[in-house]
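Okay, structure first, notes after.
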Amino acid sequence: MNKKSAIYPGSFDPITLGHIDIINRALEIFDNLIIAIGEHRAKHPLFSKQERVEMVEELFKDEERVKVISFNSLLVDLAKEKDIKFVVRGLRAISDFEYEFQMALANRKLYKELEMVFLVPSVKFIYLNSTLVKTIASFGGKLSCFVPPEVEEKLRRKFA
């Protein structure tokens, strides 16, 4: 891949409007974006990895610059395999910064050429995360301001 490609990793369980905001911002900077869907071993996902890949693929089916993959390795190993030097991460709050800073330093130790690019979402998404969305969905709450309609439908089916 060329130098203007980046990876946006995450669990995307489910993908939210905040994630989509970061993806759109990243596409303003990079020519190509790999959305890499992985597992966070401390979390128990609501959607299978394949369901999450399909959800994101459906949302970006008309964007040829986006490729959706799943991975089950260290992020640095994926970046090396794909010959990508940039990773996009979203920052919402101070707690995100502390975690992301620690991960960026560890990743730099493992792959010194890797650069982390931190993007701040629109103010309306600054508080949004997948855990909040799943909690609201589990109680039948309104989801249209948090996720696209396709994702809302899948959440409703999971909690039916």
* Output the residue which, of all residues in the range 1-23 that are assigned to a strand (DSSP E or B) and of a type outside the set (Val, Ile, Thr), is farthest from residue 154 (Cα to Cα). => 5
* Search the range 124-151 for residues that are more than 19 Å from residue 59 (Cβ to Cβ) and pair each with any residue that is aromatic (Phe, Trp, Tyr) and surrounded by fewer than 17 Cβ atoms within 10 Å (Cβ to Cβ) when their beta-carbon atoms are under 8 Å apart and the residues are at least 6 apart or on different chains. => 138/159; 140/159
* Among the residues of the range 116-131, count how many are modelled with pLDDT of 95 or more and exposed (fewer than 14 other Cβ atoms within 10 Å of the Cβ). => 0
* Structure fact -> Note: among 36, 26, just one is assigned to a helix (DSSP H, G or I) and either within 12 Å of the chain's Cα centre (by Cα) or farther than 24 Å from residue 159 by Cα (or both), namely 26
* Structure fact -> With criteria (1) over 15 Å from residue 9 (Cα atoms); (2) under 16 Å from the mean Cα position of the chain (by Cα), residue 159 comes up short on (2)
* Asked: Which of the residues belonging to the range 50-83 are touching a Leu at 6+ places or on another chain (Cβ under 8 Å) and within 22 Å of residue 114 (Cβ to Cβ)?
  -> 65, 66, 67, 71, 74, 76, 79
* Asked: In the range 48-74, what residues are of a type in the set (A, V, I, L, M), in a loop (DSSP other than H, G, I, E, B) and buried (at least 17 other Cβ atoms within 10 Å of the Cβ)?
  -> none
* Return the pairs, sorted by first residue and then second, in which the second residue is assigned to a helix (DSSP H, G or I) and among the hydrophobic types (A, V, I, L, M, F, W, C), the first residue lies in the range 94-123 and is under 15 Å from residue 9 (Cα atoms) and free of Cβ contacts under 8 Å to residues at least 24 places away in the same chain, the beta carbons are less than 7 Å apart, and the residues are 6+ apart or on different chains. => none
* For residue 97, work out the one condition from (1) touching a helix residue (DSSP H, G or I) at 6+ places or on another chain (Cβ under 9 Å); (2) surrounded by fewer than 20 Cβ atoms within 10 Å (Cβ to Cβ); (3) within 27 Å of residue 134 (Cβ to Cβ) it doesn't fulfil. => (1)
* To do: Kindly establish whether residue 20 is aliphatic (A, V, I, L, M), modelled with pLDDT of 95 or more and in contact with a strand residue (DSSP E or B) (Cβ under 8 Å, 6 or more places away or on another chain).
  => no
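The values are calculated or read from the model by the stated rules, or taken from the named source; none is laboratory data. The structure displayed is predicted, hence computed values, not measured ones. Neighbour counts are summed over all protein chains in view; Cβ atoms, including those assigned to glycine, are modelled from backbone coordinates with ideal geometry.
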